[in-house]
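The values are calculated or read from the model by the stated rules, or taken from the named source; none is laboratory data. The structure presented is a predicted model; accordingly, all values stated were derived computationally and were not measured. Cβ coordinates were reconstructed from backbone atoms using ideal geometry, including for glycine residues, and neighbour counts include every protein chain displayed. These area figures cover heavy atoms from the full protein model, side chains too; ligands, DNA and RNA do not enter into them. Shrake-Rupley method; radii C 1.70, N 1.55, O 1.52, S 1.80 Å.
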Amino acid sequence: MLKPTKWIALSLTTVTALSILAGCGGKPGAAGTAGPAPKAGNLQYLTWDETQVPVIKDQLKSFTGAKVTVNTMPYDDYWTKLQTAIAGGSGPDLYWMTRPNYDIWSRLGAAGN
């Protein structure tokens, strides 16, 4: 049985990953269009929590069928480096997001990109 804090973290990771993947659909309002094909090959996932790496890999592999490489970095550097990587076009395919940061990034149109 998972501890409540691990269960919450697992749930948030799943919701975040699914939200990000859901944002990869086709153009809004384009009736009858299918979104892009699922990404084959390797997915890059970025997080700051080493303890979640095995869970993230298992969840995303079963969901996407792709090989998932999970990279971690210290939380103190996470947001600056993630923002820089995304702005430079070299950001990860998926990344872990907190609710307050998601609100900010989504208003800027950057969440789920």
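Points to keep in mind about this one:
- Heavy atoms of THR72: accessible area, 1.4 Å probe, square angstrom to 10: 50 Å²
- Coupling constants for segment 69-82 follow from the phi torsions by the Karplus curve (6.51 cos²θ - 1.76 cosθ + 1.60, θ = phi - 60°), and in residue order they are 9, 9, 10, 10, 8, x, 4, 4, 9, 3, 5, 5, 5, 5 Hz; glycine and proline get x.
- Here the label points at ASP103 and ASP49, each 7 Å from Cα along the C-beta direction, are separated by 1.9 nm in the simple model.
- Amide H contacts of VAL68: LEU43, each under 5 Å away and 5 or more positions distant or on a separate chain (H built 1.01 Å from N in the peptide plane; Pro and chain starts excluded).
- Solvent-accessible ranking of MET73, MET97, largest area first, probe 1.4 Å: MET73, MET97
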